1. Is at least one residue of the range 88-110 surrounded by fewer than 16 Cβ atoms within 10 Å (Cβ to Cβ), among the acidic types (Asp, Glu), without any contact (Cβ under 8 Å) to a residue 60 or more places away in the chain and in contact with a helix residue (DSSP H, G or I) (Cβ under 9 Å, 6 or more places away or on another chain)?
2. Condition first: out of contact with any His (no Cβ under 8 Å at 6 or more places or on another chain), under 24 Å from THR198 (Cα atoms) and surrounded by fewer than 11 Cβ atoms within 10 Å (Cβ to Cβ). Can you find one or more residues in the range 12-34 that meet it?
3. Is one or more of the residues making up the range 159-171 surrounded by 13 or more Cβ atoms within 10 Å (Cβ to Cβ), of a type outside the set (Phe, Trp, Tyr) and in contact with a Gly (Cβ under 6 Å, 6 or more places away or on another chain)?
4. Name the residue, out of GLY98, GLY139, GLY146, that is of a type in the set (Gly, Ala, Ser) and under 17 Å from VAL53 (Cα atoms).
5. Taking helices (runs of 4 or more DSSP H) that fall entirely within the range 1-98, which contain at least 2 residues that are over 22 Å from ALA170 (Cα atoms) and under 29 Å from the mean Cα position of the chain (by Cα)?
6. Are any of the residues in the range 198-206 part of a loop (DSSP other than H, G, I, E, B) and hydrophobic (A, V, I, L, M, F, W, C)?
7. For the range 1-32, give me the residue count where each residue is over 13 Å from ILE220 (Cα atoms) and of a type in the set (Lys, Arg).
8. Is it true that some residue in the range 126-140 is of a type in the set (Phe, Trp, Tyr) and either under 23 Å from ILE174 (Cβ atoms) or modelled with pLDDT of 95 or more (or both)?
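The values are calculated or read from the model by the stated rules, or taken from the named source; none is laboratory data. Computed from a predicted model, the values in this text were never measured in an experiment. Counting neighbours? That spans all protein chains shown, and the Cβs are built from the backbone with ideal geometry, glycine included.
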Amino acid sequence: MVAHSLVTNETFAWPTVGKYLFSMPVVRGVGWTLWLTVGSMAIAIILAVLLAVARRSTNPVLRRVSWVYIWFFRGTPIYTQLAFWGLISVLYPRLSLGVPFGPEFWVFETKDLFTASRAALLGLALNEAAYLAEIVRAGLESVDHGQNEAAKALGMKDGTILRRIVLPQAMRVIVPPTGNETISMLKTTSLVIAVPFTLELNFATNAIGNRTFQPVPLLIVAAIWYLAITSVLMVGQFYLERYYGKGFQPHGPVPAGPRGGRRQEAINAAHTTPDPGPTDDMGHPAGGGA
């Protein structure tokens, strides 16, 4: 009945969906949505690793700075943060580099430095870094501390230990939630209207729907594109998880059937020590023999 209603309900306006599915504003919106997703996640991952390492640092200043950053960006709504990034040129019309409370060497107009696209990218990245930092920290803590001590005993430096020993093992824990955060970021880009940034997919389809007085088919267009991109990201996540999960996958049951049974018997025979029978006091088989 659901499938029948999708086909027969004229409100869905499937011809309109086909008309605008690959229209220039929609395809351009898809491109900007992908750019915001990839760019913000790349920046967020770098910041997240730094924040996670700072949380584990022995320096109390680094630990507190990292904690305050995560507390603030996780505790305030992303829409509110993006709205403030859109108002940054009003809050600070000029930015400068120089000596604090002293001479200025370079002066910038904030509205020229923070365009709508840059403000949207930075706002998404800074917010996402707070969530990814906790994911990375959990991944780093999942690695046995003995790995770190063994690497130090070999004379390796902390940076080398993190890069070559800890992070590769932590990726098994980090990759699955990071993939989920990437998919979530794809849909969070629809909130950059708060900046305001008006070229991403959701705004592009809403603008066409308002202009043509057909919001439903344009919502379907946006949903189709989001589903298509999400499906590709899920496939990539699957292969990344399988790659970093090598050596950690649990072994499933042996296949049923006569061939599986023979395979199980061979495995059992290979791992079973034959019973030597009764032995004498010297450990030799009873009944003679050297």
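1. yes
2. Within the range 12-34 (the criterion being out of contact with any His (no Cβ under 8 Å at 6 or more places or on another chain), under 24 Å from THR198 (Cα atoms) and surrounded by fewer than 11 Cβ atoms within 10 Å (Cβ to Cβ)), the answer is yes, since at least one residue qualifies.
3. Yes, there is a match, as at least one residue in the range 159-171 is surrounded by 13 or more Cβ atoms within 10 Å (Cβ to Cβ), of a type outside the set (Phe, Trp, Tyr) and in contact with a Gly (Cβ under 6 Å, 6 or more places away or on another chain).
4. Only one candidate passes the filter, namely GLY139.
5. Correct list: 24-55, 60-75, 78-86.
6. Checked against the condition, which is being part of a loop (DSSP other than H, G, I, E, B) and hydrophobic (A, V, I, L, M, F, W, C), the range 198-206 yields at least one hit.
7. First, pick out the residues of the range 1-32 that are over 13 Å from ILE220 (Cα atoms): 1-5, 7-10, 23-25, 27-32.
Then drop every residue that is not of a type in the set (Lys, Arg), which leaves 28.
Residues meeting the conditions: 1.
8. Residues of the range 126-140 that are of a type in the set (Phe, Trp, Tyr), as a first pass: 131.
Remaining after also requiring either under 23 Å from ILE174 (Cβ atoms) or modelled with pLDDT of 95 or more (or both): 131.
Within the range 126-140, one or more residues are of a type in the set (Phe, Trp, Tyr) and either under 23 Å from ILE174 (Cβ atoms) or modelled with pLDDT of 95 or more (or both).
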